[in-house]
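Structure record follows, encoded as structure tokens.
Read-outs throughout are calculated quantities, based only on the coordinates presented, and are distinct from any laboratory measurement. Remember, it's a predicted structure, so these values are computed and weren't measured experimentally. Methodologically, a virtual Cβ is constructed for each residue, glycine included, from the backbone with ideal geometry; neighbour enumeration extends over all protein chains shown.
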Amino acid sequence: MRKFHRFLTSVVAFGILYGVYRYSFRTDSEGNYLFLLPREPDHSSLQSPDQATSEERSVDPTRLANLTGFEYRIANDICKENNSYSELLGVILVTSYVGHDEIRSAHRQAISQQKLLSMGLLRIFSLATIPPVERFITQAAIEAEQRLHGDLIQGNFIEAYRNLTYKHLMSLQWATQQCRGAKYLIKMDDDIVFDPFYIQNYLSDLNQHDDRYLLAGYTFRNKKVIRLRANKWYVSREEHRPDVYPPYLSGWLYITNQRTARALTAESQVVPFFWIDDTFITGVLAERLKLPLTALNRWYSANSEFLDCCIRDMKRYAYQCDYYVGPNGGNGKLIMEFVQELERCYDNACYQRPAGKSLTATCVAEFKNQPNIPNHGTAMVNQMRL
């Protein structure tokens with residue numbers, strides 16, 4: 001009898017345990033217990049740890065990378081002044097050497113701020129403080145330029161080649177703080193010629209969601225670090241240990257958005273500084289954040305002569321240009337002529353260039369003899385007779 005009681009007690013206990021097991025855990029439609037199945041990845045939160053951290057990290061407005069005590073010598077709230085704080089398609093951030101007042105003038109003559117605003121765009125020039133060796137411009141002249149045009153920002157760090165990273169970051173930081181309503185940011189150098197009409201159409205058609213990252217431009221891959229000390233681009237192992245740079249975008253012109261710019265500026269404040277700005281910001285920082293790069297390499301011409309030939313063919317044959325971005329070759333007039341011919345071309349419906357008539361096959365450019373005068377901020381090397 002005692003054995004029967006033990007058996008009955010065991011059966012009841014087993015039944016209770018089975019009931020708890022059977023009804024306390026979730027199952028799928030086929031009766032399989034979910035906790036025994038492999039867990040599906042949560043695609044809604046596929047941010048890398050670095051991305052999530054950088055999104056939560058706030059940006060110190062008094063810092064640019066490792067530079068503390070940053071402030072604007074010339075601040076600017078142009079977005080608010082033009083009542084376009086929340087209506088801009090994009091803001092064009094032109095990093096400009098402080099002494100390049102004539103190049104900035106060429107950009108303004110090529111396409112005015114009002115014309116850009118009518119296209120949903122706005123332009124700002126980013127400057128640093130005049131270096132002691134500069135003999136061609138004064139701070140009073142810069143302030144007068146700002147009063148006249150209202151399109152400058154100026155940081156309190158000295159204009160120098162190895163300070164370009166600070167200027168680049170200042171531009172992104174200003175846009176994310178003062179032009180938060182601008183959907184896209186177009187960062188470019190002041191000696192670059194570009195097609196604002198094509199880029200405006202590209203951005204309008206991009207239809208990109210605000211929660212996605214964006215870095216688009218001319219993409220460099222597998223670029224080796226230069227270790228030759230005599231080279232302008234020499235980088236020591238203390239500055240950058242790997243022998244190959246991560247993929248990065250040319251600083252000539254690239255496109256990003258608010259979320260990406262915030263992540264990059266935040267990340268720049270917690271990693272070691274690097275002086276080559278486009279490599280550091282769109283390469284090193286982007287790699288740490290696992291941000292994808294979009295290659296737009298076909299937009300770019302490496303030769304200003306091709307842009308000269310584009311102008312010639314737009315005038316003669318109403319041919320569309322094969323390129324949308326390129327260098328001005330030291331010729332400020334090229335900035336104006338290219339954009340002015342483009343505007344006429346778009347108004348009068350230029351034709352696609354015929355097959356067999358590519359610029360590489362038809363462009364014959366004349367040799368440009370640069371005037372023998374010193375350029376602002378450019379070293380002049382002359383041979384000495386010993």
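Quick check on packing: order 284-295, 68-79 by the mean number of other C-beta atoms within 10 Å, highest mean leading.
Details: 284-295: 18.4, 68-79: 14.7.
Highest-to-lowest ranking by the protection proxy: 284-295, 68-79.
Please list 3J(HN,Hα) in residue order for the stretch 295-310, calculated via the Karplus relation 6.51 cos²θ - 1.76 cosθ + 1.60 where θ = phi - 60°; whole Hz, with x for glycine and proline.
Karplus values, whole Hz, x for Gly and Pro: 7, 10, 4, 5, 5, 9, 10, 7, 10, 5, 4, 5, 6, 4, 5, 4.
Given H placed on each backbone N at 1.01 Å, which residues far from ILE158 in sequence or on other chains put an amide H within less than 5 Å of it?
Amide H to amide H, under 5 Å and 5 or more residues apart or across chains, ILE158 pairs with THR129.
Provide the net charge surrounding LEU122, with neighbours chosen by a C-beta distance below 14 Å and charges set as Lys +1, Arg +1, Asp -1, Glu -1.
Working: positive: LYS80, ARG108, LYS115, ARG123, ARG180, LYS183, LYS187; negative: ASP77, GLU81, GLU87, ASP151.
Charge balance in the 14 Å sphere: +3.
Amide H to amide H under 5 Å from LEU215: which residues, 5+ apart in sequence or cross-chain, H placed 1.01 Å off N in plane?
THR294
For the stretch 147-163, take each phi angle, set θ = phi - 60°, evaluate the Karplus expression 6.51 cos²θ - 1.76 cosθ + 1.60, and give the result in whole Hz per residue in order, putting x for glycine and proline.
Taking θ as phi minus 60°, the curve returns 5, 6, 10, x, 10, 10, 10, 9, x, 8, 9, 6, 5, 7, 4, 7, 9 Hz for the stretch 147-163.
Among residues other than LYS315 whose Cβ falls under 10 Å from its Cβ, what is the net charge (Lys/Arg +1, Asp/Glu -1)?
Working: positive: ARG312, ARG316, ARG344; negative: ASP313, GLU337, GLU341.
Charge balance in the 10 Å sphere: 0.
Which peptide among 351-359, 147-155, 253-261 comes first, and what is the full order, when sorted by highest mean count of other Cβ atoms within 10 Å? Could the numbers behind the result be given before it?
Details: 351-359: 11.2, 147-155: 18.2, 253-261: 23.3.
Result, highest mean first: 253-261, 147-155, 351-359.
Quick one: net charge of GLY181's neighbours, Cβ under 11 Å, K/R +1, D/E -1?
On the way: positive: LYS80, ARG180, LYS183; negative: GLU87.
Within the 11 Å Cβ shell, the charges total +2.
How large are Rg and Dmax for the stretch 63-299 when calculated on the C-alpha trace, in angstrom?
Reported Rg and Dmax, both Å: 17.3, 51.
Grab the alpha carbons of the stretch 276-318, take their convex hull, and tell me the volume per residue in Å³. Intermediate values should be presented prior to the final figure.
Numbers: hull volume 3.8 nm³, N = 43.
That works out to 88 Å³ per residue.
Tell me, how many Å apart are the Cα centres for the stretch 102-139 and for the stretch 299-367?
About 23 Å separates the Cα centre of the stretch 102-139 from the one of the stretch 299-367.
Holding the Cα-Cα limit at 20 Å, pick out from LYS80/LYS183; LYS80/LYS115; LYS80/LYS333; LYS80/LYS167; LYS115/LYS183; LYS187/LYS232 the pairs that are longer than that.
Values: LYS80/LYS183 15 Å; LYS80/LYS115 17 Å; LYS80/LYS333 31 Å; LYS80/LYS167 22 Å; LYS115/LYS183 18 Å; LYS187/LYS232 23 Å.
Cα-Cα > 20 Å for LYS80/LYS333; LYS80/LYS167; LYS187/LYS232; rest within.
In whole Å, what are the extents of the stretch 265-373 along the principal axes defined by its C-alpha atoms, from largest to smallest?
Principal axes ranked by extent give 54, 38, 26 Å for the Cα atoms.
For the stretch 78-171, just the Cα set please: Rg and Dmax, both in angstrom.
Values for the stretch 78-171 (Cα only, Rg and Dmax): 13.6, 41 Å.
Ordered by residue, what ³J(HN,Hα) values in Hz, to whole numbers, does the stretch 57-62 give under the Karplus form 6.51 cos²θ - 1.76 cosθ + 1.60, where θ = phi - 60° and Gly and Pro are x?
Listing the rounded values in order: 6, 7, 9, 7, x, 9 Hz.
I'd like to know how the stretch 304-358 sits against the 2.2 N^0.38 Å rule of thumb: what's its Cα Rg over that expected value?
1.06
In the stretch 232-284, what is the volume of the convex hull around the alpha carbon atoms, normalised per residue and reported in Å³? Walk me through the numbers on the way to the answer.
Values: hull volume 4.4 nm³, N = 53.
Cα-based convex hull of the stretch 232-284, divided per residue, equals 83 Å³.
Sequence-distant or interchain residues sharing an amide H contact under 5 Å with PHE274, placed H: which?
Amide H neighbours of PHE274, under 5 Å, 5+ apart: none.
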